[in-house]
1. Identify, from the list A:Gly116, A:Gly77, the residue that is away from chain B (no Cβ under 12 Å), farther than 25 Å from A:Phe262 by Cβ, of a type in the set (Gly, Ala, Ser) and touching a strand residue (DSSP E or B) at 6+ places or on another chain (Cβ under 8 Å).
2. Answer with yes or no whether A:Glu51 is modelled with pLDDT of 80 or more and closer than 30 Å to B:Gly475 by Cα.
3. Can you go through B:Arg165, B:Arg132 and tell me which one is among the basic types (Lys, Arg) and under 30 Å from A:Thr89 (Cα atoms)?
4. In this structure, is B:Ile264 among the β-branched types (Val, Ile, Thr), touching a strand residue (DSSP E or B) at 6+ places or on another chain (Cβ under 6 Å) and under 19 Å from B:Arg538 (Cα atoms)?
5. I'm checking my understanding of the structure. Among residues of the range A:36-74 that are surrounded by 19 or more Cβ atoms within 10 Å (Cβ to Cβ) and in contact with a Gly (Cβ under 7 Å, 6 or more places away or on another chain), which one is farthest from the other protein chains (Cβ to nearest Cβ)?
6. Only residues that are within 13 Å of another protein chain (Cβ to nearest Cβ), not in a strand (DSSP E or B) and not polar (S, T, N, Q): list them for the range B:218-236, please.
7. Report, by residue number, each residue of the range B:142-171 that is among the hydrophobic types (A, V, I, L, M, F, W, C) and more than 14 Å from every other protein chain (Cβ to nearest Cβ).
8. Could you say which residue among B:Ser490, B:Ser509 is of a type outside the set (D, E, K, R), closer than 20 Å to B:Val367 by Cα and surrounded by fewer than 17 Cβ atoms within 10 Å (Cβ to Cβ)?
Amino acid sequence: MTRFLLRRLGHAVTVILVVCTVTFGIMHLAPGGPAVLADPKLSAEEQRAIEQRLGLDRPVVVQYGRWLAAAARGDLGESFLYQAPNLRTVLARVPNTALLAGTALLLSVLLAVPLGVWCAARPRGLLDRGVGGLAFVAMAVPTFWLAIGAIFVFAVVLDVLPAGGAATAGADFAIADRARHLVLPALVLAAVTTAELLRYMRSSARTAFAQPFVRVVRAKGVPSGAVQWRHVFRTALIPVVTALGIQLPRLLSGAAITESVFAWPGMGRLGVQAALGRDYPLVMAITLFVSAAVVLVNILVDLFYVWADPRIRLE
Amino acid sequence: MQRGTAGPPDAEAGIGAARTHRAGLSPGSDASIGLGARIRGRGRRALGGLAGILVCACAAPEGAPTAVTISIPLINDPILNPVLAPDIGSVLINKVVFPGLVRPDEQLRPTPDLATGWTTSPDGREYTFTLRPGVKWHDGHPFTAHDVAFTFDQIIDVSSGSRLRSDFAAVAGVDVIDSLTVRFRLHAPFAPFLALLGYNAGILPAHAFAGRRLTEATEFSRTRPIGTGPFRVIESIPGSAIVLERNPDYYGAPPKADRLVFRIVPDVNAQVAQLRAGELDIVPIEPANLPGVEGAPDVTVVENAVPQHFYVGFNQSLPLFARPVVRRALEYAVNRRAIIDGVLKGTADPPRGTIPVVLRDYHDASVPARPFAPDSARALLAQAGWRAGEDGVLHDRGGRPFRFTLLVDKGNPTREQAALAVQQDLRRIGVDASLQTMEFATLVRDRVLPGNFEAVLIWWTTPPDPDQYAYYATGQDNNHVRYSNRVADSLLAAGRATADTARRRELYSAFQRTEHEDPPVLVLYYPREILAVSSRVRGLPRLGLRDALRHSEALTRDPR
């Protein structure tokens with residue numbers, strides 16, 4: 001177990017390094033440059049002064065070396081756009097994204113897992129058809145459209161939920177206020193994940209239902225509810241949890257759109273803004289955080305296998 | 001909803017800030033949104049419990065009408081320091097927090113603000129300002145001449161991170177005469193000086209920086225700025241909002257609203273939705289958003305002319321565009337009225353040269369505006385030796401086609417459609433322009449600044465002054481189109497060196513006549529800034545938002 005973890009951590013560091021290097025390279029290869037320099041009014045002299053102050057006058061390799069060295073010491077540099085330390089800027093956003101993505105994920109799992117098993121238990125039944133149709137709609141509709149539509153219906157027409165933000169500005173902290181702000185973005189973000197997860201769960205459960213051990217269990221007279229939930233469910237869960245681990249980056253990128261439309265102060269939106277503004281240090285800081293999160297979640301997924309299926313052993 | 005068209009401008013530097021014009025403001029979401037017992041203001045809200053909340057889509061919250069809050073959108077977290085601020089959003093909030101020595105009135109003329117008056121030396125190279133006594137910074141320190149000197153020392157120091165240096169390149173130094181008197185020494189007489197003082201040059205508190213560089217004072221520029229304005233920042237929530245509260249020590253008229261909230265809402269459609277939901281009060285919008293607010297209850301649309309001109313710039317270092325006759329022909333060929341009516345839904349004024357109508361003292365309406373006349377365009381080009389080839393495209397005597405690439409920034413439907421209209425109009429006279437879109441930052445940095453383009457659709461936002469020396473005089477840094485006309489050079493040089501308004505009016509009138517014969521750029525329109533405003537908002541002056549916000553003490557809103 002310890003050896004497994006150590007080896008996986010070694011892999012994790014390698015993956016993160018590769019991701020950072022590729023991101024840095026692509027960012028500098030792309031045309032254009034930092035938005036802070038894209039002011040047609042800048043004179044050549046002012047432009048040089050800014051580049052010097054930001055270290056942009058150095059060769060890209062030197063810039064990357066400096067970034068790596070600093071990052072290894074825990075210094076993630078200072079954002080061009082925010083003119084503030086990246087660590088603080090990103091950390092301020094992490095809880096918001098965690099709350100939004102976490103709530104959406106929780107909703108997805110709570111909805112998709114039982115529905116998927118039910119649908120698989122009676123394929124082509126009324127429930128299966130209805131739910132399947134809805135899932136395709138949810139996958140097909142663009143997130144921003146869904147978000148604007150939700151705002152229009154619930155904030156403008158019905159006027160029952162706030163149109164954006166994570167809390168009422170200037171008010172003291174209140175859980176009810178936070179929760180009201182969370183409802184729409186979490187539902188919108190959950191829509192796509194739920195739909196995809198549901199498809200995974202359904203097909204995985206169908207495969208499980210078809211396995212010989214299920215017939216054996218049935219033959220032994222186990223009631224069908226227990227077959228469904230004790231035997232099929234656990235077996236079917238493994239591919240779904242894998243899918244869940246893979247969903248995380250998608251959830252974070254989906255959060256970027258949702259966060260932008262709902263003015264939710266999260267990391268996804270920060271990432272979009274940093275990328276658009278070519279805020280190199282901020283992009284790198286976010287890349288580091290997100291890649292670390294994804295790698296970590298995948299290690300957790302591996303650990304989960306052992307719990308879900310006793311036949312699996314960690315090597 | 002009513003629409004008005006009012007005058008004065010606000011300007012912005014540069015072709016800048018593509019995503020721009022939305023700075024938003026929105027008023028008071030105070031009453032917002034709580035569930036159950038929401039008492040507003042500093043209020044606390046009853047915890048409803050999750051279940052309650054999810055179920056309770058019911059009852060729209062009524063806030064107890066205590067505090068008056070005006071909410072305004074920004075598209076990203078601002079930098080709360082007028083000297084460092086690189087974008088229009090930061091400029092807007094800095095207008096509220098950091099007054100300057102002067103401010104523009106509704107005619108866009110500089111009037112006293114932190115300075116009560118000024119005198120100019122006969123040679124126009126020294127300005128001496130008397131400062132307002134008894135002014136306090138938001139932290140209680142007294143405001144003095146040292147603050148003014150400190151601010152301008154930073155502004156003209158290229159290593160400070162200053163974004164205002166080119167505005168004040170004429171300033172040689174600032175002397176403190178006594179605690180309430182400062183003298184500016186200029187390298188040469190510079191007429192736009194006063195207008196620029198009221199434009200972006202908010203004054204910083206010297207004591208807050210004690211020995212530190214401006215760029216190092218992160219907590220100042222992100223969370224705890226100290227200004228002298230009618231509202232002071234009390235809370236800054238990254239990515240969400242900046243909350244400002246009335247400054248009881250404000251030196252001018254007492255602020256009417258209790259709070260100003262700048263909410264970070266990156267998406268303009270979401271801003272409009274929030275306006276309609278009552279969570280924002282003043283939202284700058286694009287023509288494409290008009291259908292979303294016209295006819296909406298409780299929303300008024302106002303339009304204010306601003307000192308901007310949008311144009312197609314032709315690179316005149318290329319032989320294709322070097323001759324004035326060609327550029328005159330292109331002016332005849334483009335149906336600018338159709339662009340204004342069709343693409344901008346009428347929210348712009350037809351152009352006549354590069355000095356927009358909002359500069360009422362200087363825009364000379366007696367200069368002829370070149371009409372849409374494709375036949376005249378064809379005739380001029382034929383005179384210049386262009387003949388139609390069999391593909392319908394014009395060719396010169398050497399057989400080279402009239403063909404070029406027109407660049408436009410990606411993602412703004414108004415500008416993309418305008419570029420398309422230009423392309424189609426030109427095709428009709430046999431000029432073959434192909435469109436290329438790219439991100440604004442790429443466009444500016446890789447193409448416009450190095451002069452690596454044939455034609456580009458872009459714009460200038462200027463201070464409220466007709467000085468355009470930097471853009472259109474030969475060899476200047478901002479003359480990206482490489483325009484060069486001796487007469488224009490001398491008129492522009494004289495115009496910035498003359499303080500006398502009547503004399504300047506003559507000079508700029510002559511400049512516009514010169515432009516008519518030798519157009520530096522093909523001006524497409526003078527846009528108006530469109531603001532969607534909650535009908536409850538009162539006290540918003542007929543100024544572009546940037547200048548209007550320097551009058552934020554007058555803003556208020558009726559109770560619900």
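1. Testing whether each residue is away from chain B (no Cβ under 12 Å), farther than 25 Å from A:Phe262 by Cβ, of a type in the set (Gly, Ala, Ser) and touching a strand residue (DSSP E or B) at 6+ places or on another chain (Cβ under 8 Å) leaves just A:Gly77.
2. Against the criterion (modelled with pLDDT of 80 or more and closer than 30 Å to B:Gly475 by Cα), A:Glu51 qualifies.
3. Within the list B:Arg165, B:Arg132, the selection yields B:Arg165.
4. Taking the combined requirement at face value, the residue does not satisfy it.
5. In this case the residue turns out to be A:Trp67.
6. B:Glu219, B:Phe220, B:Arg222, B:Arg224, B:Pro225
7. B:Phe143, B:Ala145, B:Val148, B:Ala149, B:Phe150, B:Phe152, B:Val171
8. Only one candidate passes the filter, namely B:Ser490.
The values are calculated or read from the model by the stated rules, or taken from the named source; none is laboratory data. Owing to the predicted nature of the structure, the values given are computational and were not obtained by experimental measurement. We place every Cβ from the backbone using ideal geometry, glycine too, and count neighbours over all the protein chains shown.
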